[in-house]
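Before any comments, here is the structure.
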Amino acid sequence: MEFIDLKAQYAALKDEIDLSIRGVIESTHFILGEEEQKFEEKLAEYVGVKHVIGCSNGTDALQLIYMANQIGEGDAVFCPDMTFVASIEPACMLGATPIFCDIDSKTYNIDPESLERQIKAVIKEGKLRARAVVAVDFIGNPADYEAVEKIARQYDLLVIEDAAQGIGASSNGIKCGAFGDIAATSFFPSKPLGCYGDGGAVFTNDDEMDKLLRSLRVHGKGKSKYDNQRIGMNARLDTIQAAIMLPKLKVLDKEIEIRQQIAERYNKAFAGKFQIPYVKDNMISAYAQYALLAADMEQREHIMSKLAEQKIPSLVYYPVPMHKMKVFEGCFMGDETFENTIAYADRTFSLPFSAYLEEKDQERVIETVLDVVRN
Ligand SMILES: *Cc1c(COP(=O)(O)O)cnc(C)c1O
């Protein structure tokens, strides 16, 4: 059994994907070719934003956002304590200071109350300028943008959506990638919309920001490639990767629907025995991961070893809160104790999950996990 069945997805879409890749090879337009532009247009339409800027990966997409907004030395960037390091790493590289916030104990997304406490603590300390918040659609569940944006407006913060795990998800009918002032995503193969290597994108409704990002994406170019106006990056999305995702984008909503059905099945089986995913009524999760919380770390290890015995893969997203990472040693803590992040990191485990997970395999996962709590 695969943790995320990319092989089955390829088998289902093989003819279209192969044809699409061959088209690029035959055209030899490998860099920003027609398929790359077409993919940007189709994804903009899908998410419901004006501009999509294809990028080399999700980390670079976030770096382009931080660069375009001149975030750096002296700036505080607020970030959930439970995420992948790339949400904040590029801001740190530009000289900004990460300020971590606890997560909500049910949604596992940034806790707006902790965010506001941390903003106040930074202002009170008076050393940094409260500049931006990066909210993450953690494991596919949309963050609470209503609450985050309300606080951000009050303190004049830029809101960045890290939708790396959220493509296909929505809140009040608005797709992830369309929240905040600007958003980024990743097309790492295991993400809800993945390519066959590295890829990412930035989403914006602002025409000037779109122009600036396109310049930064290609060495800060002006009118031509050799008219360099600012320090930029080489951060383009490969045409072949875009071509691979064109057929995948067409079936994304269908896959998201199947993911809801499998999640419901898992939820029904695990409710009352574990803490199951909590998705607000007005939201649809992309279920980038299907995560349960065990009673404690010991029970989690026990379940994961029983699954491994049955050759069923399971993984932990993520075992270490940001504030406990070596790289962030001595980081600003305010008065936060991060109890929700710590509890989550100690207890979470993710089960095999994708739109291509067969019913008999779903059953086998359920039975193996329930067997442990029965005994
Ligand atoms: C995957 C991921 C990224 C980084 O994307 P890459 O394409 O791997 O660079 C950033 N943030 C989150 C939350 C992610 O899951």
Check your understanding: Once you list every other residue whose beta carbon is under 13 Å from the beta carbon of Ala294, what net charge do they have if Lys and Arg are +1 and Asp and Glu are -1?
Key -> 0
**Study point:** Met1-Met333 pseudo-label distance in nm [points 7 Å out on the Cα-to-Cβ vector]
**Key:** 3.9
Study note, to complete from the structure: Binned at 10 Å from zero, the C-alpha pair distances of region 83-132 give percents of 24, 49, 27, 1
Point to revise | Shape call, region 4-146: gyration tensor on alpha carbons, a/c limit 1.5 | key: prolate
Check your understanding: Gap in Å between the Cα centre of region 348-375 and the Cα centre of region 207-259?
Key -> 37
Check your understanding: Roughly how many Å is it from the Cα centre of region 162-195 to that of region 262-341, as a whole number?
Key -> 20
Check your understanding: How do the peptides 358-371, 104-117 rank, highest first, by the average count of neighbouring beta carbon atoms within 10 Å per residue?
Key -> 104-117, 358-371
Point to revise | Distance violations [Cα-Cα > 32 Å] among Lys14/Lys280; Lys191/Lys280; Lys42/Lys326; Lys191/Lys221; Lys14/Lys211 | key: Lys14/Lys280; Lys42/Lys326; Lys14/Lys211
Review point. Ranked from highest to lowest mean number of other Cβ atoms within 10 Å per residue, what is the order of the peptides 78-84, 187-193?
Key: 78-84, 187-193
Revision key, fill the gap. Subtracting the Cα-Cα distance of Ala308 and Lys280 from 0.36 nm times their residue separation yields 6.9 nm
Review point. Within a Cβ distance under 12 Å of Ala12, other residues only, what is the Lys/Arg minus Asp/Glu net charge?
Key: +1
**Study point:** Estimated distance in nm for a label pair at Lys326 and Arg153, the labels positioned 7 Å out from Cα along Cα-to-Cβ
**Key:** 4.4
Point to revise | Under 13 Å from Lys120, Cα to Cα: aspartates and glutamates that are on another chain or at least 8 residues apart | key: Asp156, Asp335, Glu336
**Study point:** Under the Debye formula (equal points on every Cα, no solvent term), log10 I(q)/I(0) of region 101-177 at q = 0.15, 0.17 Å⁻¹
**Key:** -0.50, -0.63
Practice item. Give the relative contact order (percent, whole number) for the chain; include only Cα pairs under 8 Å separated by 6+ residues. Key: 22
Practice item. For every other residue with a beta carbon closer than 10 angstrom to the beta carbon of Asn234, add +1 if it is Lys or Arg and -1 if Asp or Glu, then tell me the sum. Key: +1
Check your understanding: List the lysines whose alpha-carbon lies under 27 Å from that of Lys273, not counting same-chain residues fewer than 8 positions away?
Key -> Lys106, Lys306, Lys311, Lys360
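Taken together, the values in this text are just the output of simple stated rules run on the coordinates, not laboratory data. Keep in mind it's a predicted model, so treat the numbers as computed, not measured. We place every Cβ from the backbone using ideal geometry, glycine too, and count neighbours over all the protein chains shown.
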